[in-house]
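Read the structure below first, then the notes.
The values are calculated or read from the model by the stated rules, or taken from the named source; none is laboratory data. These figures come from a predicted structure and were not determined experimentally. Neighbour counts are summed over all protein chains in view; Cβ atoms, including those assigned to glycine, are modelled from backbone coordinates with ideal geometry.
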């Protein structure tokens, strides 16, 4: 019945989607997640997802899976800060998240796996075991999540919003000057934005001031 409700609603903000997120937060709390960081990263990821709608071609189902991934991306720290992206994968893979089908959870587990460090490779069995269409979803969502995570790399929720500027060969995220120094976030985005450039075909940069698109 849950699966039918999800398919009919397109994973929009229905009671089922809210229950999915409630279950997700319960799982995060079980592993003592940094809730403020998790919520901030999920929110930034959703904003970028919405601004990139014409570029990624995904819908409300994938949007929900991105939000779940944003909330859970760091739970592997409970096991060990070292290699925590891999621990996050195992914890999500083994968990019961109310309302998610197994195929959905496989996507979420892989998205959190690739929120840092190396992108998917042909030697990564869990990723290669996914259907080709699901691998494409994982790559798109993980690349967006990496950008969002970079924007809160200090876990201080300094950046809460941005505008997106597109050009023929680049993307730029503009944040206000009054939030202070963003050198740490800019450097983090430089390191983590490589997957975004590969997936979306152009690099992404963090800039400060008034966006030309305003």
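What to note about this one:
- Subset of region 14-51 that is part of a loop (DSSP other than H, G, I, E, B) and at pLDDT 95 or above - its residue that is surrounded by the most Cβ atoms within 10 Å (Cβ to Cβ): 33
- Residue 191 vs. criteria farther than 18 Å from residue 51 by Cα and either surrounded by 15 or more Cβ atoms within 10 Å (Cβ to Cβ) or in contact (Cβ under 8 Å) with a residue 40 or more places away in the chain (or both): yes
- Here residue 71 meets the list (1) surrounded by fewer than 16 Cβ atoms within 10 Å (Cβ to Cβ); (2) under 14 Å from residue 27 (Cβ atoms) almost entirely, failing just condition (1).
- Condition check for residue 77 on (1) assigned to a helix (DSSP H, G or I); (2) in contact (Cβ under 8 Å) with a residue 60 or more places away in the chain: one failure, at (2).
- Every residue from region 113-129 that is assigned to a loop (DSSP other than H, G, I, E, B) and under 18 Å from the mean Cα position of the chain (by Cα): 114, 115, 116, 117, 118, 119, 120
- Whenever a residue of region 21-33 is touching a residue at least 24 places away in the same chain (Cβ under 8 Å), its partners that are surrounded by fewer than 17 Cβ atoms within 10 Å (Cβ to Cβ) and not in a loop (DSSP other than H, G, I, E, B), lying with C-beta atoms within less than 8 angstrom and at least six residues away or across chains, give the pairs 25/35; 28/35; 31/78; 32/78; 33/78.
- Among the candidates 177, 132, residue that is more than 15 Å from residue 45 (Cα to Cα), in contact with a strand residue (DSSP E or B) (Cβ under 8 Å, 6 or more places away or on another chain) and either in contact (Cβ under 8 Å) with a residue 12 or more places away in the chain or surrounded by fewer than 21 Cβ atoms within 10 Å (Cβ to Cβ) (or both): 177
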